[in-house]
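Novice: To start, I am sharing the structure in question, which I have written as structure tokens.
The values are calculated or read from the model by the stated rules, or taken from the named source; none is laboratory data. Here the structure is a predicted model, which is why all the values come from computation and not from measurement. Methodologically, a virtual Cβ is constructed for each residue, glycine included, from the backbone with ideal geometry; neighbour enumeration extends over all protein chains shown.
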Amino acid sequence: MSRIAFRNFTGGEVTPTLSARYDLQKFGTFLQSCENFIPNLHGDIERRPGTKFLARLDGAAVLMPFQFNTEPENNYALLFMDGNILVADENGLVSGVRMKSPYALSDAYDISYHQVADVVYLAHKKYALRKLTRSGSAPDYHWELSEVALNQSLGAPSAPTVRWRRGPKSSDSDEEYTQNESYTLNYVVTAVDASGVESLASPVGGAVGRYPTDWVSGDFAELDWGEVQGATEYNIYRESAGYFGLIGVSDGTRHSRKVVHDEGKETEWTETLYWRFQDQNYEPDTSTTPKENWNPFENGNNPAAVTVHQQRLVLAGTRDNPASFYMSRTGDYENFRKSRPLQDDDPVEYMLASGSIDDIKWLASFGELLIGTSGAEYKATSSGASITPSDVQISTESYWGSASLQPMIIGNSVMHCQRSGSHVRDLYYSWENDGYSGNDLSLLAPQLVETHGIRQWAFQQSPGSNIWCVRNDGVLLCLTYMQEQKVYAWSRHVTEGRVLSVTTLCGHEEDVVLLVVERDGAYFLERMARRFRDSDGIADAFFVDCGKTVTLEEAGTTVSGLEHLEGREVAVLADGSPEEGHVVRNGKIELYYPAQKVQVGLGYASVLSPMPVETDTEGGSTLGKKRAYGKVVLRLYRSVGGSYAASTTGDIFDTQAWKNRNFYDLPFLPDVLGEAVQPYSGDMTVTLPAGQDEDTLIWIKQDRPQPFRLVAISAEIDFGEA
């Protein structure tokens, strides 16, 4: 009789084809099945919390986060529906907010987004670039979706009136006084608003005078131009060697002149405001020139990806130039105007040079600008501190190819999906390679993602460092991830219906996971309940889906407000004790015994099974040998209920084999007769009812609305002959 221990579950659910790879260092941490359990970073495993009902929706929706900062009251979820966008927080839909939307529901998953304070930029190749803006103050925020109008500014001033002014006469000769006055001095003026945004240049205004090197003492040129409403100052440029260079700024007092109109018997006049500048032969600075309009996204050439990098808006993957990316002017996200000649803060245009024209699928600002295409992953840098129009350096970091799934930055890693959407990879800087390296995080569990690609994902930082992934068949997956500890543990999370979308918000106690779930043709907005904590009483345990917490003023038997579960059989936890057999009728149920705090919702089963025990002994490998479990010790932490079983003969490749097993309840008893069983921490010994077989497995199940957390399994195993 050998005694073994499963004391670490951070391998998560793996492919059954690893059942013979007991030579792997992590083999003892693998699970043959992990359904509705979450592996924790410390090695233990606990039951997934249930989901709380927030709202019934009038159709399917795709979630997108809106995070102004980490304060919970500034965190929202945007619900993209067919033709509309709704807004929700951790408590449900925000009343009165419904924005018209051009996005089809089927396209919403592919929207690339990036948030800057109260503005979320939205990019999709089928739609013009848009932004969703929150304005005003709490609680009456105003939400608006609008098309991004690039290169917006004040209107250009009118052409300046230029007058050449000679200096004092230094001789009696008129010819000498007007000598060399044959050169045309050309000027343009731009208006600047209070935010520093500069307009296009005015039409050219000029006057005949001397060439600047021929000016004598007292010569100057005087410019007048009409006022531009909203301008706080004006930039003045003079032509030099074919370019208009900055010679000065006018921010002084406005002038006025009277314009007289003769109207027969009466004389009327109006006052016209204008600005004036005197050019005292200032040297034109051709490193600062007026800007010219440039919009690479006109005529339906819409970008597919968006981010912000080095204070520039970055757009990429357009219809006409799928392998090109564009960067706005520095510090002015919606300005793509260019200088002539180009300056360092001008917009950037760059086409990735590769053997094939691969569409850019995603962008991520991660120290450097990372670019994911359908064929490879790139890094964009420069020889200096920042990327400029004349200084862009591209290097290839990997050749896996990427899907259009929005990337996630987690700690020191960037998460992305390969182009088929069926493998998850991380990308992080490696000092050993002096470049970016990464891992296939789904290598050990390809069965979870290869047949069904990942449609959407979200990161829950606290508690547990979990990535929640929605498969295209509606199954919710969880990847417990911590790169520095080499923890990549997958688990499946099954509920009645299909999960359509997921996002996370910063909450008061832990990050909030929001879900859109379809159940029997109805659509629900739900949030995952917080983990069962050490400070929680058993009555606070929430392990039902699409559920509600109903607190009565006094203990009673009628629980109402359950219209969203009409006609459904529900699981009930009444003051910490489970009740079964209830069906919602007319929006309510009748308890068997009076209770005050009641959790009501759809039941679900949490099931796990370790891999079969294999090892090398003095007599050779145990592969193929019959084995039987003797005494089994379960080390639990704050758990109530649960059951156990053993499976034999051919079940090793079936994660649903538990459904055909006879389970036996763990021996929990209340401390006080008639009261709820309290959470138990410690060892519990059971004996598995199984004989010897080649494929004997242990199954642990919790299908009542109670907590269950497993720290370790210790078992005696008797190996027989093959």
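Novice: So, residue 405, is that one surrounded by 16 or more Cβ atoms within 10 Å (Cβ to Cβ), more than 19 Å from residue 33 (Cα to Cα), aliphatic (A, V, I, L, M) and modelled with pLDDT of 90 or more or not?
Specialist: Details: surrounded by 16 or more Cβ atoms within 10 Å (Cβ to Cβ): yes; more than 19 Å from residue 33 (Cα to Cα): yes; aliphatic (A, V, I, L, M): yes; modelled with pLDDT of 90 or more: yes.
Yes: the conditions hold for residue 405.
Novice: Here is a follow-up. Residue 139 fails exactly one of the following numbered conditions: (1) touching a residue at least 40 places away in the same chain (Cβ under 8 Å); (2) surrounded by fewer than 12 Cβ atoms within 10 Å (Cβ to Cβ). What is the number of that condition?
Specialist: All conditions pass for residue 139, except number (1).
Novice: State yes or no: is residue 196 under 54 Å from the mean Cα position of the chain (by Cα), without any contact (Cβ under 8 Å) to a residue 24 or more places away in the chain and part of a loop (DSSP other than H, G, I, E, B)? Don't jump to the end; show me each part of the working.
Specialist: Values: under 54 Å from the mean Cα position of the chain (by Cα): yes; without any contact (Cβ under 8 Å) to a residue 24 or more places away in the chain: yes; part of a loop (DSSP other than H, G, I, E, B): yes.
Here the answer is yes, as residue 196 does meet what is asked.
Novice: To continue, here is another question. Within the set of pairs 6+ apart or on separate chains, which have a first residue in segment 349-361 that is closer than 30 Å to residue 339 by Cβ, a second that is among the acidic types (Asp, Glu), and C-beta atoms under 7 Å apart?
Specialist: Filtered contacts from segment 349-361: no entries.
Novice: Same structure, new question: Please go through segment 199-223 and pick out each residue that is within 30 Å of residue 332 (Cα to Cα) and surrounded by 14 or more Cβ atoms within 10 Å (Cβ to Cβ).
Specialist: So the first thing to find is which residues in segment 199-223 are within 30 Å of residue 332 (Cα to Cα), and the list is 199-205, 223.
Correct list: 199, 200, 201, 202, 204, 205, 223.
Novice: Can you confirm whether segment 362-372 contains a residue that is assigned to a loop (DSSP other than H, G, I, E, B) and either free of Cβ contacts under 8 Å to residues at least 24 places away in the same chain or buried (at least 17 other Cβ atoms within 10 Å of the Cβ) (or both)?
Specialist: Of the residues in segment 362-372, the ones assigned to a loop (DSSP other than H, G, I, E, B) are 367.
Okay, now just the ones that are also either free of Cβ contacts under 8 Å to residues at least 24 places away in the same chain or buried (at least 17 other Cβ atoms within 10 Å of the Cβ) (or both), so none.
No, the conditions are met nowhere in segment 362-372.
Novice: Something else now. Which residues, counting only those in segment 611-637, are surrounded by fewer than 19 Cβ atoms within 10 Å (Cβ to Cβ) and either aliphatic (A, V, I, L, M) or not in a strand (DSSP E or B) (or both)?
Specialist: Residues satisfying the conditions are 614, 615, 618, 619, 623, 624, 625, 626, 628, 633.
Novice: Within segment 172-193, restricting attention to residues that are surrounded by fewer than 18 Cβ atoms within 10 Å (Cβ to Cβ) and in a strand (DSSP E or B), which residue is farthest from the chain's Cα centre (by Cα)?
Specialist: 183
Novice: Now for a separate question. Kindly indicate whether residue 33 is among the hydroxyl-bearing types (Ser, Thr, Tyr), without any contact (Cβ under 8 Å) to a residue 40 or more places away in the chain and more than 15 Å from residue 514 (Cβ to Cβ).
Specialist: Values: among the hydroxyl-bearing types (Ser, Thr, Tyr): yes; without any contact (Cβ under 8 Å) to a residue 40 or more places away in the chain: no; more than 15 Å from residue 514 (Cβ to Cβ): yes.
Against the criterion (among the hydroxyl-bearing types (Ser, Thr, Tyr), without any contact (Cβ under 8 Å) to a residue 40 or more places away in the chain and more than 15 Å from residue 514 (Cβ to Cβ)), residue 33 does not qualify.
Novice: With (1) small (Gly, Ala, Ser); (2) buried (at least 16 other Cβ atoms within 10 Å of the Cβ); (3) closer than 17 Å to residue 275 by Cβ as the list, and residue 226 as the residue in question, which single condition is left unmet?
Specialist: Only one criterion in (1) small (Gly, Ala, Ser); (2) buried (at least 16 other Cβ atoms within 10 Å of the Cβ); (3) closer than 17 Å to residue 275 by Cβ is unmet by residue 226, namely (2).
Novice: Got a number for residues in segment 454-477 being farther than 13 Å from residue 501 by Cβ, of a type in the set (Gly, Ala, Ser) and in contact (Cβ under 8 Å) with a residue 60 or more places away in the chain?
Specialist: Going through segment 454-477 one residue at a time, the tally reaches 2.
Novice: Is segment 48-64 home to any residue that is closer than 30 Å to residue 615 by Cβ, in contact with a Ser or Thr (Cβ under 9 Å, 6 or more places away or on another chain), of a type in the set (Ser, Thr, Tyr) and in a strand (DSSP E or B)?
Specialist: Within segment 48-64, the subset closer than 30 Å to residue 615 by Cβ is none.
Scanning segment 48-64 turns up no residue that is closer than 30 Å to residue 615 by Cβ, in contact with a Ser or Thr (Cβ under 9 Å, 6 or more places away or on another chain), of a type in the set (Ser, Thr, Tyr) and in a strand (DSSP E or B).
Novice: Please work out if residue 75 is polar (S, T, N, Q) and surrounded by 15 or more Cβ atoms within 10 Å (Cβ to Cβ).
Specialist: yes
Novice: Select from segment 576-610 the residues that are touching a helix residue (DSSP H, G or I) at 6+ places or on another chain (Cβ under 7 Å), within 26 Å of residue 709 (Cα to Cα) and not in a strand (DSSP E or B) and list them in ascending order.
Specialist: Once the filter is applied, which keeps residues that are touching a helix residue (DSSP H, G or I) at 6+ places or on another chain (Cβ under 7 Å), within 26 Å of residue 709 (Cα to Cα) and not in a strand (DSSP E or B), segment 576-610 yields only 576.
Novice: Out of 507, 497, which single residue is more than 23 Å from residue 397 (Cα to Cα) and touching a Gly at 6+ places or on another chain (Cβ under 8 Å)? Talk me through it step by step, then tell me what you get.
Specialist: Numbers: 507 fails: touching a Gly at 6+ places or on another chain (Cβ under 8 Å).
Matching residue, one of 507, 497: 497.
Novice: Tally up the residues in segment 538-567 that are more than 22 Å from residue 679 (Cα to Cα) and either of a type in the set (Ser, Thr, Tyr) or in a strand (DSSP E or B) (or both), please.
Specialist: If we filter segment 538-567 for residues that are more than 22 Å from residue 679 (Cα to Cα), which is where we start, we get 546, 552-567.
Add one more test, that the residue is either of a type in the set (Ser, Thr, Tyr) or in a strand (DSSP E or B) (or both), and what stays is 546, 552-560.
Qualifying residue count, segment 538-567: 10.
Novice: Looking only at segment 611-629, decide whether some residue is within 35 Å of the chain's Cα centre (by Cα), assigned by TED's automatic domain parsing to the domain that holds residue 21 and not aromatic (Phe, Trp, Tyr).
Specialist: Pass one, segment 611-629, residues within 35 Å of the chain's Cα centre (by Cα): 611.
Filter once more, so that each one left must be assigned by TED's automatic domain parsing to the domain that holds residue 21: 611.
Add one more test, that the residue is not aromatic (Phe, Trp, Tyr), and what stays is 611.
Yes, some residue in segment 611-629 is within 35 Å of the chain's Cα centre (by Cα), assigned by TED's automatic domain parsing to the domain that holds residue 21 and not aromatic (Phe, Trp, Tyr).
Novice: So, in segment 232-246, of the ones that are surrounded by fewer than 21 Cβ atoms within 10 Å (Cβ to Cβ) and among the aliphatic types (A, V, I, L, M), which residue ends up farthest from the chain's Cα centre (by Cα)?
Specialist: Checking each candidate, the answer is 241.
Novice: Quick check on segment 638-655: of everything there that is in a loop (DSSP other than H, G, I, E, B) and hydroxyl-bearing (Ser, Thr, Tyr), which residue is modelled with the highest pLDDT? Explain how you work it out, then say what you get.
Specialist: Our first condition is that a residue be in a loop (DSSP other than H, G, I, E, B); within segment 638-655, this holds for 640-642, 648-655.
So of that shortlist, the ones also hydroxyl-bearing (Ser, Thr, Tyr) come out as 648-649, 655.
Numbers: 648: 57, 649: 53, 655: 72.
Here the residue is 655.
Novice: Also: Do you know which residues across segment 53-81 are among the charged types (D, E, K, R) and farther than 11 Å from residue 524 by Cβ? Can you show your working first?
Specialist: At the first step, the residues of segment 53-81 found to be among the charged types (D, E, K, R) are 56, 58, 71, 73.
Passing the criteria: 58, 71, 73.
Novice: Let me ask something else about it. Which one of these is over 23 Å from residue 409 (Cα atoms), in contact (Cβ under 8 Å) with a residue 40 or more places away in the chain and either among the acidic types (Asp, Glu) or surrounded by 17 or more Cβ atoms within 10 Å (Cβ to Cβ) (or both): 496, 510, 484? Steps first, please.
Specialist: Details: 510 fails: over 23 Å from residue 409 (Cα atoms); 484 fails: over 23 Å from residue 409 (Cα atoms).
None of the others qualify; the one that does is 496.
Novice: Looking only at segment 3-44, count every residue that is crowded, with 19+ Cβ neighbours inside 10 Å and in contact with a Lys or Arg (Cβ under 7 Å, 6 or more places away or on another chain) and tell me the total.
Specialist: Counting residues in segment 3-44 that are crowded, with 19+ Cβ neighbours inside 10 Å and in contact with a Lys or Arg (Cβ under 7 Å, 6 or more places away or on another chain) gives 8.
Novice: Do we have any residue at all in segment 388-402 that's touching a Cys at 6+ places or on another chain (Cβ under 9 Å) and within 18 Å of residue 321 (Cα to Cα)? Give the steps one after another, and end with the answer.
Specialist: Taking segment 388-402 as the starting set, the residues that turn out to be touching a Cys at 6+ places or on another chain (Cβ under 9 Å) are 402.
Then drop every residue that is not within 18 Å of residue 321 (Cα to Cα), which leaves 402.
Scanning segment 388-402, I find at least one residue that is touching a Cys at 6+ places or on another chain (Cβ under 9 Å) and within 18 Å of residue 321 (Cα to Cα), so the answer is yes.
Yes/no matrix, rows are residues, columns are (1) part of a loop (DSSP other than H, G, I, E, B); (2) of a type in the set (Ser, Thr, Tyr); (3) at pLDDT 90 or above; (4) crowded, with 20+ Cβ neighbours inside 10 Å:
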residue: 357; (1), (2), (3), (4): yes, no, no, no
residue: 378; (1), (2), (3), (4): no, yes, yes, yes
residue: 409; (1), (2), (3), (4): no, no, yes, no
residue: 421; (1), (2), (3), (4): yes, no, no, no
residue: 432; (1), (2), (3), (4): yes, no, no, no
residue: 444; (1), (2), (3), (4): yes, no, yes, yes
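Novice: Next up: With respect to residue 674, determine if the residue is surrounded by fewer than 19 Cβ atoms within 10 Å (Cβ to Cβ), small (Gly, Ala, Ser) and either on the phi > 0 side of the Ramachandran plot or in a loop (DSSP other than H, G, I, E, B) (or both). First the steps, then the outcome.
Specialist: On the way: surrounded by fewer than 19 Cβ atoms within 10 Å (Cβ to Cβ): yes; small (Gly, Ala, Ser): yes; either on the phi > 0 side of the Ramachandran plot or in a loop (DSSP other than H, G, I, E, B) (or both): yes.
For residue 674, the condition - surrounded by fewer than 19 Cβ atoms within 10 Å (Cβ to Cβ), small (Gly, Ala, Ser) and either on the phi > 0 side of the Ramachandran plot or in a loop (DSSP other than H, G, I, E, B) (or both) - is met.
Novice: Another one. Restricting to segment 159-170, name every residue that is modelled with pLDDT under 95 and either part of a loop (DSSP other than H, G, I, E, B) or acidic (Asp, Glu) (or both).
Specialist: Listed by number, the residues that qualify are 166, 167, 168, 169, 170.
Novice: Scan segment 65-113 for residues that are assigned to a strand (DSSP E or B) and among the acidic types (Asp, Glu) and report the count. Walk me through it before giving the result.
Specialist: To start, the set of residues in segment 65-113 that are assigned to a strand (DSSP E or B) comprises 65-67, 75-81, 84-89, 92-100, 112-113.
The next check asks that each one be among the acidic types (Asp, Glu); those that pass are 89.
Residues flagged as assigned to a strand (DSSP E or B) and among the acidic types (Asp, Glu) within segment 65-113 amount to 1.
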